[in-house]
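One structure is given here, and the rest of the page talks about it.
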Amino acid sequence: MKTSTFTKVTTGIALSLVTSTMLHATNGDTLIAVGAKARGMGGVGIAMSHGAESTISNPAMITTVEGTEISFGGTIFMPTIETTINKAGMAPIPTQETLTSDADMNMIPEVSLAHKINENWYVGIGMWGTAGMGTDYRDMQNMAVGQFGNLNMVTNLQLMQFAVPIAYKADGLSVAVAPILQYGNLDINYAMPNRSGGIDNVGAGLAQDFGFGWSAGLSYDFQNGLVIGAVYKSSIEMDYNGQLSTATAPFVAMGAFPAPMSDTLEQPAEIGVGFSYSMGQHTFAFDYKNIQWSSATGYKEFQWEDQDVYAVGYQYAQDNWALRVGYNYASSAVVEQTGATTMAGVGAQSAINFFNLLGFPATQEQHITFGGTYAFSDTFSLDLAYVRGLSNEETFAIPAFAMSFGTDSITTDHTEDSLSFQLTYKF
């Protein structure tokens with residue numbers, strides 16, 4: 001690799017290697033919803049109660065619980081991510097072809113409990129995996145064989161939240177607050193070609209951290225079928241000791257950084273509103289939320305953009321069963337970097353584009369969902385949901401690689417499937 005090109009791209013490479021440790025989830029690195037009922041309706045839950053599982057969507061909605069309700073289950077999450085390195089003219093490089101991540105299945109658990117203390121006060125507790133996966137390119141080509149490959153990246157980030165909602169209800173108004181404890185673990189490993197023609201293995205092992213945040217919500221039931229709601233979730237700062245600094249340390253000696261990057265990565269704040277309307281057996285719901293990636297420490301350095309998320313859902317309920325459908329849309333938080341005018345700028349732009357699509361294509365935009373409930377008795381029921389993340393193909397320019405590698409763009413196709421199941425018991 002030419003030294004001049006090597007130096008130009010190192011800043012972008014380092015930033016994007018950090019980005020590649022994130023999750024391939026749905027709205028950025030955030031699941032569209034947690035819990036089978038909400039997932040079956042496109043993720044709506046700000047103004048529609050799903051019982052005990054409502055804490056993570058809007059804690060004020062647990063005030064529909066009539067006694068004590070507990071739900072437990074999980075989501076089998078199956079992304080398919082395929083990447084092609086393109087040479088001039090957009091043709092695949094014959095020796096490279098398509099790279100497919102082996103990180104293609106994950107299990108995400110959830111447990112929720114809500115209890116009615118009296119006519120006004122409600123309390124709950126829950127544990128949810130908000131997402132959990134990474135990339136695995138160990139069996140793919142790396143830079144040592146002469147092509148600008150994928151660095152054999154193996155990354156894994158797992159996030160889990162614990163919350164204790166406390167809600168108050170008077171007439172049609174419900175308000176609630178939920179302190180949140182977040183657990184996360186992060187592991188980054190990759191192979192980096194050095195200037196002497198060898199390979200350096202980079203990694204610091206597993207890092208763990210706890211972070212604290214909170215959410216607050218309200219809702220108002222007009223008693224005529226219409227319910228409105230609003231929710232705010234605070235950002236949560238996490239520090240993964242040694243992970244991000246180790247990932248960027250090899251680039252310090254090359255002049256890309258004056259010092260290794262910070263190990264801080266902040267999950268962004270969210271704000272949302274919604275409404276639902278029920279008439280007989282039919283319920284229609286709509287949610288809007290804004291995820292503030294551009295102001296979260298870490299993500300803003302990766303040039304992520306805020307997401308406007310729109311979710312619509314419909315439920316038909318009769319006797320002891322219900323059917324649900326939904327749709328969720330949010331433009332990609334990861335966008336192509338353009339407009340660089342200097343050689344160094346073109347190099348950084350190209351590297352960020354390259355590694356954002358190869359390492360962390362958080363590009364999913366559209367989801368269609370289906371779900372249902374069957375109650376075996378007045379106290380016991382089963383909830384199921386299927387979510388399909390529609391294929392989204394993105395091509396970003398990497399012009400700085402053209403001279404040394406004959407590559408001018410990278411294309412990634414991202415598709416997701418997930419199955420959610422949940423058992424609910426009321427007493």
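For a quick check: sort Asp378, Asp102, Asp29 by the number of other beta carbons within 10 angstrom, fewest at the front. Walk me through the intermediate numbers first.
Working: Asp378 9, Asp102 13, Asp29 23.
Fewest-to-most Cβ neighbours within 10 Å comes out as Asp378, Asp102, Asp29.
Compute the relative contact order of the range 215-355 as a whole-number percentage, counting only Cα pairs closer than 8 Å that sit 6 or more residues apart in sequence.
Working: 265 pairs, mean separation 23.1, N = 141.
Contact order relative to length: 16 percent.
Going through the range 166-250, which chymotrypsin sites (Phe, Trp or Tyr not before Pro) have at most 13 other Cβ atoms within 10 Å and a DSSP loop state?
Those that pass, being in a loop and sparsely packed, are Phe222.
Measure up Lys116/Lys289; Lys233/Lys300; Lys233/Lys289; Lys116/Lys233; Lys169/Lys289 against 20 Å on the Cα-Cα distance and list the ones that go over.
Numbers: Lys116/Lys289 28 Å; Lys233/Lys300 18 Å; Lys233/Lys289 10 Å; Lys116/Lys233 23 Å; Lys169/Lys289 24 Å.
Those over the limit are Lys116/Lys289; Lys116/Lys233; Lys169/Lys289.
Length gain on complete extension for the stretch His282 to Val123, per 0.36 nm per residue less the alpha carbon to alpha carbon distance? Display every interim value, and only then the final one.
Working: separation 159, 0.36 × 159 = 57.24 nm, distance 2.85 nm.
Roughly 54.4 nm would be gained on extension.
Using the Kirkwood radius over C-alpha pairs as Rh, can you work out the diffusion coefficient of the range 205-350 via Stokes-Einstein at 25 °C, viscosity 0.890 mPa s, in µm² per second?
So the translational diffusion coefficient is about 129 µm²/s.
Quick check on the exposure proxy: order Ile271, Ile398, Ile70 from fewest to most C-beta atoms within 10 angstrom.
Going from least to most buried by this count: Ile271, Ile70, Ile398.
I need Leu157, Leu206 ordered by Cβ neighbour count within 10 Å, fewest first. Please list the in-between numbers first.
Working: Leu157 24, Leu206 14.
Result, fewest neighbours first: Leu206, Leu157.
Met105 to Asn224: extension gain in nm, 0.36 nm per residue of separation minus the Cα-Cα distance? Walk me through the numbers before you get to the answer.
Numbers: separation 119, 0.36 × 119 = 42.84 nm, distance 4.34 nm.
Additional length available on full extension: 38.5 nm.
As an exercise, use a Förster radius of 30 Å and the Cβ-Cβ distance of Thr379 and Val164 to find the FRET efficiency, rounded to the nearest 0.05. Each step should come with its number before you reach the end.
Working: r = 24 Å, r/R0 = 0.80.
Calculated value: 0.80.
At a Förster distance of 25 Å, what's the computed FRET efficiency of Gln366 paired with Tyr425, Cβ-Cβ distance as r, to 0.05? Provide the component values of the computation, followed by the final result.
Details: r = 34 Å, r/R0 = 1.37.
The calculated FRET efficiency here is 0.15.
Coordinate-derived values only; no laboratory data. Please read all numbers here as calculations on a predicted model, not as lab measurements. Glycine gets a Cβ as well: all are built from the backbone with ideal geometry, and neighbour counts include every protein chain shown.
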